[in-house]
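The values are calculated or read from the model by the stated rules, or taken from the named source; none is laboratory data. Just so you know, these numbers come straight off a predicted model, no measurement behind them. Cβ atoms come from the backbone with ideal geometry, glycine included; neighbour counts cover every protein chain shown. Note: areas computed on protein heavy atoms with side chains; ligands, DNA, RNA excluded. Shrake-Rupley method; radii C 1.70, N 1.55, O 1.52, S 1.80 Å.
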Amino acid sequence: MSRAPHPLPTVLTAAALALAGLSVVGPPAGAAGTERPYRLENGRSAPIHSYRDAIRETVWVTAPDFDGDGEPDRVAADIVRPVELDRAGVDVPVVMDASPYYLSLGRGNEGEFKSYAEDGTPEQLPLFYDNYFVPRGYAFVAVDTAGTARSTGCVDQGGVSDVGSVKAVVEWLNGNAEAVDAEGRPVTADWTDGRTGMIGKSYDGTLANGVAATGVEGLETIVPISAISSWYDYDRSQGLPFSWDYPTGLSRRVAENRTEPVDCTATLQRMAAEDGDETGAYDEFWAERDHRQGPVTNVGNVEASVFVYHGLQDTNVKTRNFSRWWAQLGDQGVTRKMWLTRVGHVDPFDTDRERWVRTLHRWFDSELMGIDNGILDEPTVDVEVRPDEWVTQSRWPARGRTVLTPRVDGRMVEGPHGRGSASWTNDPNQSENTALTAGAEARRLLYATGPLRRDTRISGTASATLRLTTEVPTGQVGVMLVDYGLGKRVLASGDGAVTTQQESCHGSSTSYDDACYYTVRRNIGTTPLQVLGRGWARLDGAGTHDVKVTMDPDDTIVERGHRLGLVIVAAAPSRLRNVDTSPTSRYTLDLGASSFSVPGEVRTSRRTAAARAPSWLPARGDLVRGTVEPPVKGFVFPY
């Protein structure tokens with residue numbers, strides 16, 4: 001998709017720029033007659049503006065009445081921008097992080113909150129974005145989504161209020177909405193060129209996806225980090241809920257510590273009534289929160305470029321969220337770039353700081369400043385396929401797919417369907433560790449290949465096409481693709497990351513907002529197996545079901561001599577809410593109508609792969625800490 005760029009600002013006079021202490025740089029290619037007020041150092045905008053003296057202010061943008069109380073919502077936006085450029089009358093682009101967490105849960109690995117001076121002036125804004133980008137000629141805007149912090153309105157977990165409140169701020173920055181200051185006086189964003197880039201991790205990145213999917217004018221680029229693209233895919237898996245009443249619980253939690261007393265009972269009750277926990281169905285409630293194919297937010301509306309980041313071991317915002325978004329962005333011809341790493345729900349600023357900051361800087365320079373630095377000519381995708389081993393490529397996923405079929409003796413092979421059937425008994429209390437290891441033969445099915453003849457790249461989405469029979473009125477099935485074999489891996493516990501006691505600084509600091517953060521390293525260890533993909537599906541009604549269970553995608557290298565296994569269970573208490581809680585339910589798999597699709601070129605030795613209790617299968621006691629992510633107790637946040 002070709003996108004018409006927002007006009008780059010025309011700088012005033014060289015004399016005015018010199019008065020402000022700026023260097024005048026010639027226009028980018030194709031922008032005859034314009035000049036840009038930045039200084040390039042090593043191909044990037046240089047930190048020539050004062051962070052200490054930057055203008056700090058708050059405005060409240062007028063948004064529609066999303067909560068239905070008869071009054072327009074007021075959305076708080078805290079702003080930091082270069083005073084030198086304001087004095088020279090030079091317009092600047094905006095880096096924006098919109099969040100519901102600024103006063104509730106905090107942001108970043110160190111849990112920072114917004115803080116203000118006695119007169120209400122913003123002082124500390126979480127994360128490094130203002131410290132780093134304001135000295136380089138950008139403004140930074142931190143938005144409190146409706147229903148949180150200093151905004152009015154109500155949170156509706158990814159719905160029209162969440163997205164619409166942030167969209168209103170983008171519109172104000174582009175001259176298409178109104179705002180007031182703390183005294184109620186009208187304020188215009190006459191200091192910006194209207195070019196906005198949104199960034200954020202988890203919920204914040206989800207808001208970036210949602211606002212981009214409205215097609216709002218002025219949003220030039222987004223950088224969604226570990227972000228949701230469909231809230232159904234966050235809260236559900238093919239009809240099975242990961243938790244009960246999640247939209248209401250999350251919306252209530254992120255509204256804590258807000259300064260505006262608004263009664264959101266009606267909004268919370270409506271979500272509780274409409275979330276469909278009883279059926280798990282994708283309906284109008286979830287379509288409203290689908291930024292890929294929803295009626296309001298839709299990938300077909302996206303005009304902004306997109307730089308995706310996601311951890312391949314993220315079991316919070318599961319990897320189906322980035323993969324489906326990525327594919328559909330490609331179908332629409334959207335300019336895009338992506339990083340995939342072996343950690344979990346972790347910000348790349350923490351695990352890959354130097355490289356990430358350098359790359360992000362070049363991305364914003366390209367997409368917001370219009371600097372032709374070649375980043376769009378580089379390979380599109382960077383993937384960490386093994387700990388600290390990266391590959392670059394022009395497309396994702398990598399090519400290759402193998403269809404494997406199960407055999408009655410436990411083998412999983414290429415070739416035509418086998419014959420016969422296999423049965424197991426549901427265990428509503430069975431942990432994932434138990435299901436993956438020896439001794440659980442009666443409570444799950446396991447099929448495995450022979451040893452791999454070579455290192456094998458598994459890149460993309462695996463699936464299991466199953467014919468299942470059960471007499472349970474409402475049943476369920478779960479599948480896991482597993483790499484069996486001793487190997488060095490990023491551990492699953494703690495998202496594969498460990499915070500050190502050393503800091504590094506990126507950006508300028510003041511006495512109330514420094515740019516220094518503890519570094520993070522990968523937590524690497526040797527484990528006997530690794531789960532490469534998980535998927536679950538609901539089975540409505542007793543009888544025979546033909547179901548395709550889609551697993552969360554991964555991208556890694558399985559070592560030569562390892563085996564690929566496919567584990568099938570019913571209940572999965574470690575991962576979701578069970579709808580079949582009976583310990584006597586029986587499930588039968590028709591081997592002649594079932595197969596497994598693996599995203600890789602799988603070649604194995606001719607040795608028999610498995611018996612019902614193969615000697616190569618590890619015992620539960622062999623699983624070191626971090627082999628499998630422990631079940632999460634309590635409420636999980638897209639944080």
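How about the stretch 391-410: which of its residues are within 18 Å of Arg467 (Cα to Cα) and either of a type outside the set (D, E, K, R) or surrounded by fewer than 12 Cβ atoms within 10 Å (Cβ to Cβ) (or both)?
Listed by number, the residues that qualify are Val403, Leu404, Thr405, Pro406, Val408, Gly410.
Report the residue count in the stretch 75-91 for those that are among the aliphatic types (A, V, I, L, M), out of contact with any Lys or Arg (no Cβ under 6 Å at 6 or more places or on another chain) and part of a strand (DSSP E or B). Write out each step before concluding.
Going residue by residue through the stretch 75-91, those that are among the aliphatic types (A, V, I, L, M) are 75-77, 79-80, 83, 85, 88, 90.
Restricting the remaining residues to those that are out of contact with any Lys or Arg (no Cβ under 6 Å at 6 or more places or on another chain) gives 75, 77, 79, 83, 85, 88, 90.
From what is left, the residues that are part of a strand (DSSP E or B) are 75, 77, 79.
Here the count works out to 3.
Give me a count of the residues in the stretch 65-83 that are within 31 Å of the chain's Cα centre (by Cα) and surrounded by fewer than 16 Cβ atoms within 10 Å (Cβ to Cβ). Don't jump to the end; show me each part of the working.
Step one: list which residues in the stretch 65-83 are within 31 Å of the chain's Cα centre (by Cα), which gives 65-68, 72-82.
Right, trim to surrounded by fewer than 16 Cβ atoms within 10 Å (Cβ to Cβ) and you get 65, 68.
Of the residues in the stretch 65-83, 2 are within 31 Å of the chain's Cα centre (by Cα) and surrounded by fewer than 16 Cβ atoms within 10 Å (Cβ to Cβ).
Output yes when any residue across the stretch 477-500 is surrounded by fewer than 17 Cβ atoms within 10 Å (Cβ to Cβ), within 30 Å of Arg107 (Cα to Cα) and in contact with a Phe, Trp or Tyr (Cβ under 8 Å, 6 or more places away or on another chain), and no when none is.
Yes, because at least one residue in the stretch 477-500 is surrounded by fewer than 17 Cβ atoms within 10 Å (Cβ to Cβ), within 30 Å of Arg107 (Cα to Cα) and in contact with a Phe, Trp or Tyr (Cβ under 8 Å, 6 or more places away or on another chain).
Scan the stretch 160-177 and give yes if some residue there is in contact with a Cys (Cβ under 7 Å, 6 or more places away or on another chain) and in contact (Cβ under 8 Å) with a residue 12 or more places away in the chain, otherwise no.
The initial filter retains those residues of the stretch 160-177 that are in contact with a Cys (Cβ under 7 Å, 6 or more places away or on another chain), namely 161.
Then drop every residue that is not in contact (Cβ under 8 Å) with a residue 12 or more places away in the chain, which leaves 161.
Yes.
Could you tell me whether any residue of the stretch 174-190 is out of contact with any strand residue (DSSP E or B) (no Cβ under 6 Å at 6 or more places or on another chain) and among the β-branched types (Val, Ile, Thr)?
yes
In the stretch 92-117, which residues are over 24 Å from Phe364 (Cα atoms) and not in a loop (DSSP other than H, G, I, E, B)?
Hit for the stretch 92-117 is Tyr116, nothing else.
Condition first: over 30 Å from Arg386 (Cβ atoms) and open to solvent by 10 Å² or more (accessible area, probe 1.4 Å). Now tell me which residues in the stretch 560-584 satisfy that.
Within the stretch 560-584, the first condition is being over 30 Å from Arg386 (Cβ atoms), and the residues that meet it are 570-571, 573, 577-584.
Once the filter is applied, which keeps residues that are over 30 Å from Arg386 (Cβ atoms) and open to solvent by 10 Å² or more (accessible area, probe 1.4 Å), the stretch 560-584 yields Pro573, Arg577, Asn578, Val579, Thr581, Ser582, Pro583, Thr584.
Across the stretch 558-591, which residue is nearest to Trp616 (Cα to Cα) among those that are out of contact with any Ser or Thr (no Cβ under 7 Å at 6 or more places or on another chain) and assigned to a strand (DSSP E or B)?
Gly565
Determine which single condition Asp86 fails, assuming it passes every other condition in (1) open to solvent by 30 Å² or more (accessible area, probe 1.4 Å); (2) under 25 Å from Gln502 (Cα atoms).
Condition (2) is where Asp86 drops out.
Quick one: Lys167 ticks every box in (1) among the basic types (Lys, Arg); (2) assigned to a loop (DSSP other than H, G, I, E, B); (3) open to solvent by 30 Å² or more (accessible area, probe 1.4 Å) bar one, so which box is it?
(2) is the only condition that Lys167 fails.
Based on this model, can you work out whether Arg56 counts as charged (D, E, K, R), at pLDDT 95 or above and not in a loop (DSSP other than H, G, I, E, B)? So that I can check it myself, show each step before the final result.
Numbers: charged (D, E, K, R): yes; at pLDDT 95 or above: yes; not in a loop (DSSP other than H, G, I, E, B): yes.
Yes, satisfied.
Taking interchain pairs and intrachain pairs at least six residues apart, which have beta carbon atoms under 7 angstrom, with the first residue in the stretch 378-403 and without any contact (Cβ under 8 Å) to a residue 12 or more places away in the chain and the second β-branched (Val, Ile, Thr)?
Close Cβ pairs satisfying both conditions: Trp390/Val383; Val391/Val383; Val391/Val385.
Filter the stretch 258-305 down to residues that are open to solvent by 70 Å² or more (accessible area, probe 1.4 Å), among the hydrophobic types (A, V, I, L, M, F, W, C) and not in a helix (DSSP H, G or I), then give me how many there are.
1
Return the residues of the stretch 510-551 that are in a loop (DSSP other than H, G, I, E, B), open to solvent by less than 20 Å² (accessible area, probe 1.4 Å) and touching a strand residue (DSSP E or B) at 6+ places or on another chain (Cβ under 8 Å); say none if nothing qualifies. Write out each step before concluding.
Narrowing the stretch 510-551 to residues in a loop (DSSP other than H, G, I, E, B): 510-515, 523, 541-542, 551.
Subset that is open to solvent by less than 20 Å² (accessible area, probe 1.4 Å): 513, 515, 551.
Selection gives Ala515, Met551.
Name the pairs whose Cβ atoms lie under 7 Å apart, with the first residue in the stretch 500-528 and within 16 Å of Arg136 (Cα to Cα) and of a type in the set (Asp, Glu), the second open to solvent by less than 40 Å² (accessible area, probe 1.4 Å) and modelled with pLDDT under 95, and 6 or more positions between them or separate chains?
none
Being open to solvent by 10 Å² or more (accessible area, probe 1.4 Å) and either touching a Cys at 6+ places or on another chain (Cβ under 9 Å) or without any contact (Cβ under 8 Å) to a residue 40 or more places away in the chain (or both) is the filter here; which residues of the stretch 411-453 pass it?
Gly415, Pro416, Ala442
Having 1 or more residues that are touching a strand residue (DSSP E or B) at 6+ places or on another chain (Cβ under 6 Å) and of a type in the set (Ser, Thr, Tyr) is the bar; report the strands (runs of 3 or more DSSP E) wholly within the stretch 360-439 that clear it. Before the answer, list the steps.
Numbers: elements: 381-386, 389-393, 402-406, 421-425.
In the stretch 360-439, 389-393, 402-406, 421-425 are the strands (runs of 3 or more DSSP E) which contain 1 or more residues that are touching a strand residue (DSSP E or B) at 6+ places or on another chain (Cβ under 6 Å) and of a type in the set (Ser, Thr, Tyr).
Right, His6: under 34 Å from the mean Cα position of the chain (by Cα), open to solvent by less than 60 Å² (accessible area, probe 1.4 Å), over 30 Å from Leu268 (Cβ atoms) and at pLDDT 95 or above or not?
Numbers: under 34 Å from the mean Cα position of the chain (by Cα): yes; open to solvent by less than 60 Å² (accessible area, probe 1.4 Å): yes; over 30 Å from Leu268 (Cβ atoms): yes; at pLDDT 95 or above: no.
Spelling it out, it is not the case that His6 is under 34 Å from the mean Cα position of the chain (by Cα), open to solvent by less than 60 Å² (accessible area, probe 1.4 Å), over 30 Å from Leu268 (Cβ atoms) and at pLDDT 95 or above.
For the stretch 11-27, state whether one or more residues are modelled with pLDDT of 90 or more and surrounded by fewer than 18 Cβ atoms within 10 Å (Cβ to Cβ). Lay out the reasoning, then the answer.
Keep residues of the stretch 11-27 that are modelled with pLDDT of 90 or more, which gives none.
Scanning the stretch 11-27 turns up no residue that is modelled with pLDDT of 90 or more and surrounded by fewer than 18 Cβ atoms within 10 Å (Cβ to Cβ).
Going through Tyr138, Tyr132 one at a time, which residue ends up being touching a residue at least 40 places away in the same chain (Cβ under 8 Å) and either open to solvent by 10 Å² or more (accessible area, probe 1.4 Å) or within 30 Å of Gly68 (Cβ to Cβ) (or both)?
Values: Tyr138 fails: either open to solvent by 10 Å² or more (accessible area, probe 1.4 Å) or within 30 Å of Gly68 (Cβ to Cβ) (or both).
Being touching a residue at least 40 places away in the same chain (Cβ under 8 Å) and either open to solvent by 10 Å² or more (accessible area, probe 1.4 Å) or within 30 Å of Gly68 (Cβ to Cβ) (or both) holds for just one of Tyr138, Tyr132, which is Tyr132.
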